[in-house]
Amino acid sequence: MYIKIIIFISTIIFCFSVYSFPIPKNNEVEYDIIRKNKVIGSHKIKFENNEEGLIVETNINIIVKVLLITAYKFSHTSEELWIDGNFIKINAHTDFEDEREYFIKGEEKKEFFTASGMDGELEIKKNILPSNFWNIKILEEEELFDTQKGIVRKINVKKLGLEEIEIGGMNYNCKKFTFNASNHPKDKGPFPEYTLWYSENDELMKFKFTNWKDNKVVTLIRKIITEN
C-alpha cells in the first residue's frame, strides 16, 4: 500500500513537471472568434501524446462576409512537438487574405533552434517558446517565436490584476494581462495589443485585440464543454 501511494504521488509530480502548461479536459479547447457580435471563425487547439512526445495542434479559420461575398479570409495550422516540457519542433502554415502565405518550420538542434519562415533561415536561442497564448509561461519571456510568420518578436507584458468574467452563464475569476510585441518591417500594420484572461488554473479563457484596419474589436471566447 505504501509503495502504491509513492507511485501515485510520483506520477502526479511527473505529470505536472513534464508539461509547462495545463492540458484541458478532453485534450482539446476551442474558441469562438467574434467581431461585431458575430462569430466569424474558430480557434482550436488539440493535445495528443504519442511515441514521440506531446503533439499540440492549432487550427485557426476566419471568414468575414459582406452581403454574402467573402471580404476577408485567414487560416493558420501548426503542429508543435514537446518532449519533457521542452519545445522541440514545429511545422506550420499561414495563409493571409492577400498574397502572403508562409510555410514555417523549426527544430531544436544541439546549440540552436533552427527555423525558416518569412525571413528565410534563422538560428534562434535553443530554449525559445512558440507564441501560443494557451501557454501562460510565454508571458514570462522576453521574446517568442511567432508561429504565424516564423520570426522572433520581442514582447512586453503587463499584469492587470484579477477580473471576474462571464462565459456561457458562468463566472470565472481570471488573471488579466496585456501583451505587446515588436513590429517587423514586413508587417502590413502594427502588431495589435492583446488583452488576455487566464483562469485560476492557468487556462486561457478569453483574449481580444483591435484590428488596426477597421478599428473593430475581435474577441476570442472559450467554448465551455458541460458534463451531463
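What do you reckon, is Thr94 among the polar types (S, T, N, Q) and surrounded by 16 or more Cβ atoms within 10 Å (Cβ to Cβ)?
Answer is yes for this residue.
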The one condition in (1) at pLDDT below 95; (2) among the β-branched types (Val, Ile, Thr); (3) closer than 25 Å to Tyr72 by Cα that Thr195 fails to fulfil: (1)
Looking at the range 193-201, is at least one residue in a strand (DSSP E or B), charged (D, E, K, R) and closer than 27 Å to Phe47 by Cβ? no
Across the range 209-228, which residue is modelled with the highest pLDDT among those that are assigned to a loop (DSSP other than H, G, I, E, B) and in contact with a strand residue (DSSP E or B) (Cβ under 7 Å, 6 or more places away or on another chain)? Lys223
Please enumerate the residues belonging to the range 126-150 that are touching a strand residue (DSSP E or B) at 6+ places or on another chain (Cβ under 7 Å) and basic (Lys, Arg). Lys126, Lys149
Restricting attention to the range 134-166, and to residues there that are of a type in the set (A, V, I, L, M, F, W, C) and in contact with a helix residue (DSSP H, G or I) (Cβ under 9 Å, 6 or more places away or on another chain), which single residue is nearest to Asp95 (Cα to Cα)? Leu144
Being outside any loop (DSSP other than H, G, I, E, B) and surrounded by 14 or more Cβ atoms within 10 Å (Cβ to Cβ) is the requirement here; does Phe113 meet it? yes
Farther than 23 Å from Thr147 by Cα, β-branched (Val, Ile, Thr) and either modelled with pLDDT of 90 or more or surrounded by 15 or more Cβ atoms within 10 Å (Cβ to Cβ) (or both): which single residue out of Val39, Val56, Val64, Val29 fits that description? Val39
Go through (1) assigned to a strand (DSSP E or B); (2) loosely packed, with under 14 Cβ neighbours inside 10 Å one by one and return the number of the condition Glu99 breaks. (1)
Pairs please, first residue from the range 92-108 and on the phi < 0 side of the Ramachandran plot and without any contact (Cβ under 8 Å) to a residue 40 or more places away in the chain, second anywhere and in a strand (DSSP E or B) and among the basic types (Lys, Arg), Cβ atoms under 6 Å, 6+ apart in sequence or on different chains. Glu97/Lys73; Glu107/Lys89
Restricting to the range 153-194, count the residues that are in contact with a Leu (Cβ under 8 Å, 6 or more places away or on another chain) and either crowded, with 16+ Cβ neighbours inside 10 Å or more than 21 Å from Phe21 (Cβ to Cβ) (or both). 9
Only one of (1) closer than 26 Å to Asn26 by Cβ; (2) surrounded by 14 or more Cβ atoms within 10 Å (Cβ to Cβ) is not met by Asp84, so which one is it? (2)
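The values are calculated or read from the model by the stated rules, or taken from the named source; none is laboratory data. Bear in mind that the values here come from a model prediction, so they are computed numbers and not experimental data. A quick note on method: Cβ atoms are made from the backbone with ideal geometry, for glycine too, and the neighbour counts reach across all protein chains shown.
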